[in-house]
Amino acid sequence: MRQELMRKLQRSSDSVWSLPARASMTLQVGPGPRIVHVRDGRLWLTASGTARDAAIDVWLAPGDALELPSGLSVVMEAWPDARFELLVPPKACLRARRQHSRVARVAEWAASAARLLWTATPLHPPRAIR
């Protein structure tokens, strides 16, 4: 594949978030887990804990990555400024695909059960098979 075409297809700048100096943002993670990957600068992440999980308070430098669980609310601050990516881990995609296939199988089963019930009721005698 030609290099110009690759640049058009894979514009990595579209997925990079920027946080200016002394700025912060609150991020609600989800649906599903995400990975925050720092490209430039430093990022300070703070999240409150729960009865089950301890609070997190971490520094991430360029090249560092951290998986954030779904549903977590995290405050991110840039020191002095930062550029980062939010990535979907492969296991989250596999889980969603498995969940979708389970839902599809249940829907197919329900549709076939409904067809059987519809054709087997006294008001609707079974149709002749051709």
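Looking at the range 80-91, I want the residues that are touching a residue at least 12 places away in the same chain (Cβ under 8 Å) and have a partner that is outside any strand (DSSP E or B) and surrounded by 15 or more Cβ atoms within 10 Å (Cβ to Cβ) with Cβ atoms under 6 Å, at least 6 apart or on another chain. Which pairs are those?
Correct list of pairs: P89/P33.
Name every residue in the range 33-53 that is more than 11 Å from M76 (Cα to Cα), of a type in the set (G, A, S) and modelled with pLDDT of 85 or more, in order of residue number.
Once the filter is applied, which keeps residues that are more than 11 Å from M76 (Cα to Cα), of a type in the set (G, A, S) and modelled with pLDDT of 85 or more, the range 33-53 yields only G41.
Taking the range 70-86, which residues are of a type outside the set (A, V, I, L, M, F, W, C), within 16 Å of the chain's Cα centre (by Cα) and surrounded by 14 or more Cβ atoms within 10 Å (Cβ to Cβ)?
E85
When the residues of the range 11-32 are filtered to those that are part of a loop (DSSP other than H, G, I, E, B) and either basic (K, R) or within 21 Å of the chain's Cα centre (by Cα) (or both), which remaining residue is modelled with the lowest pLDDT?
Result: R11.
Any residue in the range 35-59 that's assigned by TED's automatic domain parsing to the domain that holds L19: show its pairings with residues that are assigned to a loop (DSSP other than H, G, I, E, B) and among the hydrophobic types (A, V, I, L, M, F, W, C) at Cβ separation under 6 Å, as long as the two are six or more apart or on different chains.
R42/A61; A47/L72; S48/A55; G49/A55
Out of the residues in the range 47-69 meeting the condition of being in contact with a His (Cβ under 9 Å, 6 or more places away or on another chain) and surrounded by 12 or more Cβ atoms within 10 Å (Cβ to Cβ), tell me which one is farthest from R83 (Cα to Cα).
L66
Identify all residues within the range 73-105 that are hydrophobic (A, V, I, L, M, F, W, C) and modelled with pLDDT of 65 or more; write none if there are none.
Across the range 73-105, the qualifying residues are V74, V75, M76, A78, W79, A82, F84, L86, L87, V88.
The values are calculated or read from the model by the stated rules, or taken from the named source; none is laboratory data. Quick caveat, the model's predicted, so the values are computed rather than measured. Here Cβ is always computed from backbone atoms with ideal geometry, including for glycine, and neighbour counts include all displayed protein chains.
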